[in-house]
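Okay, so here's the structure we're looking at.
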Amino acid sequence: MKCARIGRFLWLSLLVVVTTGQAEPTKVLALSATGEDGEAPVYWDFRIDQGRGAGQWQRIPVPSNWEQQGFGTYLYGMQVRRKPDDDPAIPKERGEYRREFIVPGDWRNRQVRIVFEGAMTDTAVRINGQSAGPVHQGGFYRFEYDITSLIRFDQPNLLEVQVDKESTNASVNRAERRGDYWTFGGIYRPVWLEARPARHIEWLAVDARADGSLYAQVHLGGAPSESEHLEGRVIDAAGRAVSNWRRIDVPLHGPAILREQISKPLVWSAETPNLYRLQVRLDGGEGGHELETRFGFRTFEVRPRDGLYLNGRKIVLKGVNRHSFNPDTGRTLTRQNSVSDVRAMKAANMNAVRMSHYPPDPHFLEVADELGMYVLNELAGWQGAYDTPTGTRLIGQIVRRDVNHPSILFWDNGNEGGWNREVDGEFDRWDPQRRPVLHPWAIHSGINTDHYENYDSTVKLSAGPDIFMPTEFLHGLYDGGAGAGLYDYWKVMSSSPTVGGGFIWAWADEGVRRTDQGGRIDNRDDFAPDGIVGPHGEKEGSYFTIKELWSPVQIEDLALTPKGLSMRVSNRYSFTNLRETRVEWQFVKLPSASNPTGHREVVLSGQLKGPELEAGAEKLWEVPIKLKGRKDFDVAQLSVVDANGQQLWTWSVPNQRATSPPANETTFPPATVEGGADRVSVHVAMFELGFSRSTGRLTDVSKEGRTYPLRNGPQPVAYRREGKKFVPIAPESRLLELKTEGLEPGEIARAKYDGILRQVVWSRVGDAIAVDYEVACECTTTLFGVSFDVPEASVRNKRWVGNGPYRVWQNRLQGGVWDLHEVSYNNAVPGESYQYPEFSGYFSNWQWLALETDSGTITVENASDIPYFGLFRPPGGVRPILELPDVGLSLLSVIPAMGSKFGAPELFGPQSQPRTLRGSHQGRVLLRLQ
């Protein structure tokens, strides 16, 4: 077997070497796929003792989780959280793996190790029938064995691996196997062999500060030689040496220490992810060894009762919690999975990510280093802690692997009570940077990380004195939390000097594609659909709310002027001057309500360099644009693009030029009225409208003989929320009078009521039907307006001009762009189905809406600044947060706020409160039938 090429993933994660002089590299032989994209799977022999596929030797790709390959039994950890380890409901599968490998002859006289990046959970390894060492316990950690004495060179060797899904160590099961996430089995991360000289460099630990000072520990292995010497140097990202080789004393005990001073280094931050490499070589009497690691110059501090500082500047972490997960492959991920996640997080203007609830693949940390993300790296422990010997061992494994990643700012010792305080100091033993250690859900290291505080307690905790940085907040179950409430929370948190930031729960729905259920996505009811994106990265509405609110550039008071666009611009970066950004603008003509199928047209566009504005500053700014007298546009849009070409956000300002409403005809053909027992029909020009004599509502409408599915309206919509349910505020309005004759010119019908709905006037305006309505309520309400019935089954598509394309809640109004939008009918449920944007729900700041139905298109033009339109009933999932009423096609002045799994809407701040109405309110729409 030839030595396999090591992929980029292993190049970085193994600290693979560069040969210099007579020093030789670490040699690597991949025994599995490495996580590089496009590589062919590597199959091993496999047998499982119970569950699906049990009994026979078969073939399985390595790495993989065996459930996703058709073996064993699925288990969501919470299902058995309080059960004893011997409970029969807990799958206790054992997987046996075997394969042959050949060690090249030129590896003789070297130390040979087998390395596992991760296996779930208890792993026993045998080489040629002999044990490689103790059973490894802990499913999320790199481990290795020295197998030099067990292998044969240039001939086949037999590798046998036994993996038990459950651990014999009860604390491992508590920490890893009983959490609020899917538990899997198998060798799910790469496996490889390494060969190093007998005397070698084991690993490097670097502490590189923003002032250019570098302190590195060089840990050595093997018997020392009298003639050996050690030296190191620093290389920049372009491959240029920025220091000469510096001699390092080799001590009798402990690590060798390299100290260096680099002049004016390019520092690392999430905004400036500048990276360097440290090369260290050991030369001895019979050869040598060279190792290198990548790092960044940066200084991170937690200043008590103040905040987080990086390179002398205060930073605020705009973060999210991320599982290492893919719906198709479980916890087996490629580098491209990591790249996609980090890029999508940065595109949402996040700058931080918490590893929940275990250390990630090394390639995720590599990508965080390269693209710029602040990381909280976590020892596993979901409300259950490792015992002290196990925690001590695993901390050593995680820190030795990850210590040099500049992206890591904190170590987390477990989660939500899953910390063992006896092992807190173990992190410092291996980490020369002495990063702060957090206890997520508690106060530790001067930081309060408590989870899921309501708005009032967030206000209190944000005021100090401790630094407040919730490692979980605004739980994103279904379409709740996450973006809903974020405006009010972030307004408080971002303005407090003692807030270090926060981490929204969670990045993605952890829905697994069940190989035992025909490939359906299973979110385990309402346990796992907590994401801002779906299992395959499908973006929900909250993604864009977060993107707008967390944009490092904020634009306020955007206005059209004779000279172009004026605004107040705020720079909320920590380090970046806005001259490094680019501003793009365009003036757009949109279709009108009278021609809803028309096209969007950009009539003028351009770009210019961002303004000169330091981080943390704000100012009034004008973008000079030569409009050349043009007025043929409906909206001006301005976007800010960062130095990497990522659009931060787009702000819009509609053109408020005077528009000419459809003119009333000077003469009207007389309306024809036909009466019946329960219905009165009015014919006017090409229209026929039917009204109920008992309710005064529209019963049917047709144009030129074609009947459209619009009926039973307008009727009042007035609800208050009680728990999850919506209860009508008052009985239906009582019809006092319906007039269809003897009306003002142009009027078709006039209905007067006693109740919330006071009056409705129908009239003809040009080629449209105008509906003027008046409602009045002295009430506190969570949903208010008027509605029509439109059979949902008849609707095919919607097109509108307004904010979109995602729906809004009263406490999630941000995240939409004012433009032309179009969405085909769907019945998407966030967390259960993933066709976005959703069709039903509430939509804001709209100009017109066109519904394409089986019978034709119904266009509703907003002629009186009605804030919202609503469509149907947003489905709520298995156990919905709110049980919303069906509002058909509605015109609304109040819409509901959304809550979360852990709190009712009113706990989320001012935007989330019910609205108190007084007096009467008028609305006017124009209906067009096409």
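The values are calculated or read from the model by the stated rules, or taken from the named source; none is laboratory data. Being a predicted model, the structure only gives us computed values, none of them experimental. Cβ placement follows ideal geometry from the backbone for every residue including glycine, while neighbour counts extend to all protein chains displayed.
Just to be sure before I move on: is F116 of a type in the set (A, V, I, L, M, F, W, C), touching a Lys or Arg at 6+ places or on another chain (Cβ under 9 Å) and under 24 Å from L150 (Cα atoms) in the structure I sent? Here the answer is yes, as F116 does meet what is asked.
Residues that are surrounded by 17 or more Cβ atoms within 10 Å (Cβ to Cβ) and in contact (Cβ under 8 Å) with a residue 12 or more places away in the chain number at least 2 in the following strands (runs of 3 or more DSSP E) confined to the range 223-268: 229-235, 256-261.
The residue pairs whose first member lies in the range 483-494 and is without any contact (Cβ under 8 Å) to a residue 24 or more places away in the chain, whose second member is assigned to a helix (DSSP H, G or I) and crowded, with 21+ Cβ neighbours inside 10 Å, and whose beta carbons are closer than 8 Å, counting only pairs six or more residues apart or on different chains, do not exist in this structure.
Restrict the check to the range 907-914 and report whether at least one residue is in contact with a strand residue (DSSP E or B) (Cβ under 7 Å, 6 or more places away or on another chain) and assigned to a loop (DSSP other than H, G, I, E, B). Scanning the range 907-914, I find at least one residue that is in contact with a strand residue (DSSP E or B) (Cβ under 7 Å, 6 or more places away or on another chain) and assigned to a loop (DSSP other than H, G, I, E, B), so the answer is yes. When the range 599-614 is filtered for residues that are in contact with a strand residue (DSSP E or B) (Cβ under 7 Å, 6 or more places away or on another chain), farther than 21 Å from S570 by Cα and surrounded by fewer than 12 Cβ atoms within 10 Å (Cβ to Cβ), only V602 remains.
Inspection of the range 308-323 identifies at least one residue that is crowded, with 20+ Cβ neighbours inside 10 Å and closer than 30 Å to A256 by Cβ. Among the residues making up the range 429-450, those that are farther than 20 Å from D402 by Cα and part of a loop (DSSP other than H, G, I, E, B) are W441, A442, S445, G446, T449, D450. Looking only at the range 102-125, residues that are surrounded by fewer than 16 Cβ atoms within 10 Å (Cβ to Cβ) and not small (G, A, S) come to 4 in all. Those strands (runs of 3 or more DSSP E) of the range 141-198 in which 3 or more residues are of a type in the set (A, V, I, L, M) occupy 156-164, 191-197. Inspect all residues belonging to the range 323-337 and state whether any of them is outside the structural domain of G38 (by TED's automatic domain parsing), part of a strand (DSSP E or B) and modelled with pLDDT of 95 or more. Yes: the range 323-337 contains one or more residues that are outside the structural domain of G38 (by TED's automatic domain parsing), part of a strand (DSSP E or B) and modelled with pLDDT of 95 or more. Of the residues making up the range 576-598, those that are of a type outside the set (A, V, I, L, M), buried (at least 18 other Cβ atoms within 10 Å of the Cβ) and closer than 30 Å to P273 by Cα are T576, T581, W585.
Looking at the range 745-853, the strands (runs of 3 or more DSSP E) lying wholly inside it that each contain 2 or more residues that are within 21 Å of L929 (Cβ to Cβ) sit at 747-754, 757-765, 768-776, 783-789, 795-804, 817-824, 848-853. Restricting E378, E366 to residues that are over 18 Å from the mean Cα position of the chain (by Cα), part of a strand (DSSP E or B) and in the same structural domain as V512 (by TED's automatic domain parsing) narrows the list to E378.
Just to be sure before I move on: is T576 closer than 23 Å to I315 by Cα and in contact with a helix residue (DSSP H, G or I) (Cβ under 8 Å, 6 or more places away or on another chain) in the structure I sent? Judged against the criteria, T576 is not a match.
When each of P874, P880 is tested for being assigned to a loop (DSSP other than H, G, I, E, B), surrounded by fewer than 20 Cβ atoms within 10 Å (Cβ to Cβ) and at pLDDT below 95, the lone residue that passes is P880.
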